[in-house]
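Presented below is the structure to which this report refers.
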Amino acid sequence: MPKSNQSEAEAPDIPVQEEKQLSPVTESIQQFGQTQSPASESNIFCMTIIGQVEGHLILPPQNKTTKYEHIIPQLVAAEQNPKIEGILIILNTVGGDVEAGLAIAEMIASLSKPTVTVVIGGGHSIGVPIAVASTYSLIAGSATMTIHPIRMNGLVIGVPQTFEYMEKMQERVVRFVTSHSNISEDMFKELMFKTGELNRDIGTAVGSADAVKYGLMDAVGGIGQAIAQLNKLMGDKRQSMQAGGYTQ
């Protein structure tokens, strides 16, 4: 019986499943929780800080977190991008790692471009320094900010040096907040150590109107007011540059 190559020639092609490529928007959402990157055509870069600020330790997967190692490169890229003239920061956080939160706050405060922060929902704990780090800060009418002392969990070495370390870290937070807002050190410490405001804790839950009254935030407002204020700050910077070059 002669051999036939018919089976080989007519063998049906097995479809190869192509690897699904994610769109840049979808990939950006998965990586950073936002749809925009510093390479956007807009002259305003919008950055979100939501959930819990994650520091050196990885939190459980069910926690909604903002990783500071993602935020810092975005701020550097936005600072270097000449097309970006202002940065809008949307804040809704329960707090988190103290040093990671202070690192983000210092980065925001050291930017040369105008920045506006909007607290929606809440800007609690270490979210307070992040909220006041911008050029102008707004808080939504229904938002709150929780001010409380530095706390630690897990293994704590019971020596006087541990207390001194916590006290120094707390002073770093107090010094940053008071130097970047209009609240006095005495008022901020009074809110921090007040008893009876929080359940089984010390501290104060500050509403939007009180946050403005104490000088912690600049005004009550939302996204519309924030963008209008940011456009105003960007316009003022353009005029100052045209009038006499860069100012410092």
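Results, tabulated for the structure shown:
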{"quantity": "Mean Cβ neighbour count within 10 Å, used as a protection proxy, ranking 120-131, 187-198 highest first", "calculated": "120-131, 187-198"}
{"quantity": "Separation of alpha-carbon centers, segment 82-122 and segment 176-248, rounded to whole Å", "calculated": "12"}
{"quantity": "log₁₀ of I(q)/I(0) at q = 0.11, 0.15, 0.16, 0.22 Å⁻¹ - segment 113-236, Debye sum with one point per alpha carbon", "calculated": "-0.41, -0.70, -0.78, -1.25"}
{"quantity": "Filter on K189/K213; K83/K213; K168/K194 - keep pairs with C-alpha separation over 24 Å", "calculated": "K83/K213"}
{"quantity": "Contour minus Cα-Cα distance for N231 and K213 (0.36 nm per residue)", "calculated": "4.0 nm"}
{"quantity": "In sequence order, calculated HN-Hα J values of segment 142-148 (Karplus, 6.51, -1.76, 1.60; Hz; x Gly/Pro)", "calculated": "9, 7, 9, 9, 9, 10, 8"}
{"quantity": "3J(HN,Hα) from dihedral phi, segment 51-64, Karplus parametrisation 6.51/-1.76/1.60, rounded to Hz, x for glycine, proline", "calculated": "x, 9, 6, 8, x, 7, 9, 6, 7, x, x, 7, 7, 7"}
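Values quoted throughout were computed directly from the atomic coordinates according to the rules given, and no laboratory measurement underlies them. Every value quoted in this text rests on a predicted model; they were computed, and no experiment measured them. So basically every Cβ, Gly included, is an ideal-geometry build from the backbone, and we count neighbours across all protein chains shown.
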